[in-house]
Amino acid sequence: MSKKDTFYVTTPIYYPSDRLHIGHAYTTTAADAISRYKKLRGFDTMFLTGSDEHGQKIERKAAEAETEPQQYVDKIVATFIDLWQELGIEYDQFIRTTDENHQQVVQEIFKKLYEQGDIYLDKYEGWYCTPCESYWQERQVSEEEVCPDCGRPLEWVAEESYFFKMSKYAKPLLDHIKNNPDFIQPESRRNEMINFIEEGLDDLSVSRTTFDWGITCPIDEDHVIYVWIDALSNYITAMGYLTDEDKFKHYWPADIHLVGKDILRFHTIIWPAILMALDLPLPKQVFGHGWLLTETGKMSKSVGNVVDPLELIADFGRDAIRYFLLREVQFGADGTYSTEALIQRINSDLANDLGNLLNRTVSMVEQYFSGVVPSPGEELEIDRELKDLARETREKLAAEIEELHFTTALEELWQFVRRCNKYIDETQPWILGRDEDKKDRLGTILYNLLAGLRQIAIMLKPFLVDAPGELGAQLGARQEIKKADWEDLTNWQGLRSGSKVYKGEPLFPRVDMEEYFAQKEEEEQKKEKNSRESSGEQEDIEEDEEGVNLISFADFKKMELKVARILKAEHISGSDNLLKLKVDLGQEKRQLVAGIAQHYAEEELTGKNIVMVANLEPAEIFGVKSQGMLLAAEDEDGSLAIIQPDSKVEPGSIIS
Ligand code: MSP
């Protein structure tokens, strides 16, 4: 098969995060849509996704969970795979960086680069952000000594490291980006990258000696290969680089790497430089999309604002979620998720526009033709217009989706849906239905509506998973729609006259917003009550003879106590005793609300080391978010003292 028949798209490989959110589902849904579209167009499509499982963070988390890193990641990756299944993600291959083949090929890549002089041993000294696994130069770090990307405190490290000669590739890379305007998209992000490279590229530290959970450096057992060579190489190791040359030649270079804007730099600078050093062609395009935010900012576990996609799928169905992700936010820009906006989309676009069209059409075919698809008769101007619009929609939709403009692609399609609804209002079939002589004309109109719905079902196939088949079933053509490809759109009369329609359940039931939120609130309260009751029962059972509450060791181990350093204390206006504390927790900063204002002045708290419960569910107190709890002792006279470690320990230290 020739190369032009293939289409290879990737998502980033995800860190095994124990809390999946719809931000994670966002890129993958977009990749799924483009990949399904290319499949419909007859391409030999390869859609790759996977998991990025090495690094210090995972090693630490596994240790905290008292398990081996491999077991830890196995469990989490299973939840990823489950989510993709629930969301109807049709990937062709799933790569894990712990796969034996990947690890071996990464070692070979490292060795090759070392042997040809592109990797050398030196000493690294500078700032390091553990959560981002990124090194920073002094000139990039402000006085606050926090990570320029995530804002968390940096660590100063000095260690021996292997370096990749990035600087050598700055010029060819810049030339490539300038000569290939499509290489980095969207345009605005392309300029950002050009500016970054023009400021000069430093050689890149590509190995670590401070942790073990990574691929061993093939030339030096004291080092593990640092995350970016390991992670980025997945795009070629999965395609058989150095192991299956036929497959590799067939799919590489990738057509599109889809990535979030936070990792665009790695994909448009480090990755192409590595590929140049390996003498391999570069991917045709890297597309950096924006973030899906919530009203309280970027989703993050520590802020407590993550939206669980599985819960949304259970409440609204996967197609509604997929539609929302692709329709609501212009791909490339940042966008805000809210359940209100999701419900509005479901009601207006899916239940109203599309659902009503289907429902009205099928009902009329049942009423006037006993459910049998009529034969189309003579075509009038208004019918031709509808047909022409279907063709235009197909062409525009294709052009938009090729550019990854999912929002406008769906907007185009919905214009057609609305046009079909208007066609009903204009042709007034219920009036024709009263007159036996007009039956032919009525049949033509209803046939056109069914034909329009068939077109819609096929055009929806890149975006939605269940709805096209269900729509097809109501048109009496489930199998045909399932099998249909893009070419079938050229045939307006693809639906067989004489077959039977079937009036099923509404495709997308309307959601009553107030009722939904009231029900959620009730569920929440029930959950809280149950957990209070079950912990109360526990207390009853486990009180000893003197009435002292006992908890099991296992329960105690669930609590995460850590040392934190107070960076800033501020009185919460309107309250007597509450302070808002900004604290440094080693790898991150948090905000706590503490009832200690009557005992401590704000200034005397700054710099104090405190003990905090770090895994307490976030709460809002006096309108202020609190992400943990400070521990203090209070005697019967009401004197209060903060609990502090009795000598200096670093913020983030675990208390056990
Ligand atoms: N492991 C690296 C990628 C290595 S690729 C060789 C990584 N993983 S991640 O799990 O942190 O992020 C994966 C992707 O999810 C990134 O593209 C990131 O931008 C995206 N998103 C994470 N949160 C997001 C939102 N809230 N909104 C949109 N995308 C988000 O980075």
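The values are calculated or read from the model by the stated rules, or taken from the named source; none is laboratory data. Keep in mind the model is a prediction, meaning the values are calculated, not measured. Heads up, the Cβs are rebuilt from the backbone with ideal geometry, glycines too, and the neighbour counts pull from every protein chain shown. When the accessible area is computed, the model is the full protein with side chains, heavy atoms only, and any ligands, DNA or RNA have been set aside. Shrake-Rupley method; radii C 1.70, N 1.55, O 1.52, S 1.80 Å.
Between Glu505, Glu487, the distinction of being assigned to a helix (DSSP H, G or I) and under 35 Å from the mean Cα position of the chain (by Cα) belongs to Glu487 only.
Out of Asp122, Asp202, Asp149, Asp182, which single residue is in contact with a strand residue (DSSP E or B) (Cβ under 8 Å, 6 or more places away or on another chain) and part of a loop (DSSP other than H, G, I, E, B)? Outline the logic, then answer.
On the way: Asp122 fails: part of a loop (DSSP other than H, G, I, E, B); Asp202 fails: in contact with a strand residue (DSSP E or B) (Cβ under 8 Å, 6 or more places away or on another chain); Asp182 fails: in contact with a strand residue (DSSP E or B) (Cβ under 8 Å, 6 or more places away or on another chain).
Every option except Asp149 fails the conditions.
The set of residues in the stretch 277-312 being of a type in the set (A, V, I, L, M, F, W, C), over 16 Å from Ile236 (Cα atoms) and either open to solvent by 20 Å² or more (accessible area, probe 1.4 Å) or not in a helix (DSSP H, G or I) (or both) consists of Phe287, Trp291, Leu292, Leu293, Met299, Val303, Val306, Val307, Leu310. For the stretch 151-166, residues that are among the hydroxyl-bearing types (Ser, Thr, Tyr) and open to solvent by 60 Å² or more (accessible area, probe 1.4 Å) total 0.
Residues that are touching a helix residue (DSSP H, G or I) at 6+ places or on another chain (Cβ under 9 Å) and within 11 Å of the ligand (Cβ to nearest atom) were ranked within the stretch 301-333; the one that is modelled with the highest pLDDT is Leu325.
Restrict the check to the stretch 38-46 and report whether at least one residue is open to solvent by less than 20 Å² (accessible area, probe 1.4 Å) and within 11 Å of the ligand (Cβ to nearest atom). No, that holds for no residue.
Residues that are outside any loop (DSSP other than H, G, I, E, B) and within 23 Å of Met299 (Cβ to Cβ): does the stretch 569-582 have at least one?
At the first step, the residues of the stretch 569-582 found to be outside any loop (DSSP other than H, G, I, E, B) are 569-571, 579-582.
Imposing the further condition that a residue be within 23 Å of Met299 (Cβ to Cβ) reduces the set to 580, 582.
The answer is yes; a qualifying residue exists.
For the stretch 559-574, does any single residue satisfy the condition of being under 22 Å from Val306 (Cα atoms), loosely packed, with under 15 Cβ neighbours inside 10 Å and in contact (Cβ under 8 Å) with a residue 12 or more places away in the chain? Outline the logic, then answer.
So the first thing to find is which residues in the stretch 559-574 are under 22 Å from Val306 (Cα atoms), and the list is 559-560.
Next, only the ones that are loosely packed, with under 15 Cβ neighbours inside 10 Å stay: 559.
Adding the requirement that they be in contact (Cβ under 8 Å) with a residue 12 or more places away in the chain leaves 559.
Scanning the stretch 559-574 turns up at least one residue that is under 22 Å from Val306 (Cα atoms), loosely packed, with under 15 Cβ neighbours inside 10 Å and in contact (Cβ under 8 Å) with a residue 12 or more places away in the chain.
With respect to Ser375, determine if the residue is assigned by TED's automatic domain parsing to the domain that holds Gln415, more than 43 Å from the chain's Cα centre (by Cα) and of a type in the set (S, T, N, Q). Answer is yes for this residue. Note on the stretch 222-261: among residues that are basic (Lys, Arg) and more than 8 Å from the ligand (Cβ to nearest atom), the one that is nearest to Gly200 (Cα to Cα) is Lys249.
Name the residue that is surrounded by the most Cβ atoms within 10 Å (Cβ to Cβ), counting only residues in the stretch 611-656 that are acidic (Asp, Glu) and either more than 34 Å from the chain's Cα centre (by Cα) or in a strand (DSSP E or B) (or both). Steps first, answer last, please.
First pass over the stretch 611-656, keeping only residues acidic (Asp, Glu): 617, 620, 634-637, 646, 650.
Still in the list and also either more than 34 Å from the chain's Cα centre (by Cα) or in a strand (DSSP E or B) (or both): 620, 634-637, 646.
Numbers: Glu620: 10, Glu634: 12, Asp635: 8, Glu636: 5, Asp637: 6, Asp646: 6.
Here the answer is Glu634.
If I ask for residues that are in a loop (DSSP other than H, G, I, E, B) and closer than 21 Å to Asn234 by Cβ, which ones from the stretch 88-119 would you list? Result: Ile89, Glu90, Tyr91, Asp92, Thr97, Thr98, Asp99, Asp118.
Would you pick out the residues in the stretch 262-276 that are open to solvent by 10 Å² or more (accessible area, probe 1.4 Å) and either over 17 Å from Ala231 (Cβ atoms) or more than 10 Å from the ligand (Cβ to nearest atom) (or both)? If the condition is that a residue be open to solvent by 10 Å² or more (accessible area, probe 1.4 Å) and either over 17 Å from Ala231 (Cβ atoms) or more than 10 Å from the ligand (Cβ to nearest atom) (or both), then Arg265, Met276 are the ones that fit.
Pull up the stretch 179-209, narrow it to residues that are over 30 Å from the mean Cα position of the chain (by Cα) and not acidic (Asp, Glu), then point me to the one that is farthest from Ile58 (Cα to Cα). Walk me through how you get there before you give the answer.
So the first thing to find is which residues in the stretch 179-209 are over 30 Å from the mean Cα position of the chain (by Cα), and the list is 179, 198-200, 202-203, 209.
Those still in the list that are not acidic (Asp, Glu) too: 179, 200, 209.
On the way: Asn179: 39, Gly200: 32, Thr209: 15 Å.
Of everything passing the filter in the stretch 179-209, Asn179 is farthest from Ile58 (Cα to Cα).
For the stretch 126-142, check the following and say yes or no: at least one residue is modelled with pLDDT of 95 or more, touching a helix residue (DSSP H, G or I) at 6+ places or on another chain (Cβ under 6 Å), surrounded by 14 or more Cβ atoms within 10 Å (Cβ to Cβ) and not in a helix (DSSP H, G or I). Break it down stepwise before answering.
Kept after step one, since they are modelled with pLDDT of 95 or more, are these residues of the stretch 126-142: none.
Taking every residue of the stretch 126-142 in turn, none turns out to be modelled with pLDDT of 95 or more, touching a helix residue (DSSP H, G or I) at 6+ places or on another chain (Cβ under 6 Å), surrounded by 14 or more Cβ atoms within 10 Å (Cβ to Cβ) and not in a helix (DSSP H, G or I).
Go over the candidates Asp315, Asp255, Asp319, Asp230 one by one and state the one that is touching a residue at least 24 places away in the same chain (Cβ under 8 Å), closer than 30 Å to Val624 by Cα and among the acidic types (Asp, Glu).
Values: Asp255 fails: closer than 30 Å to Val624 by Cα; Asp319 fails: closer than 30 Å to Val624 by Cα; Asp230 fails: closer than 30 Å to Val624 by Cα.
Result: Asp315 is the single residue among Asp315, Asp255, Asp319, Asp230 that is touching a residue at least 24 places away in the same chain (Cβ under 8 Å), closer than 30 Å to Val624 by Cα and among the acidic types (Asp, Glu).
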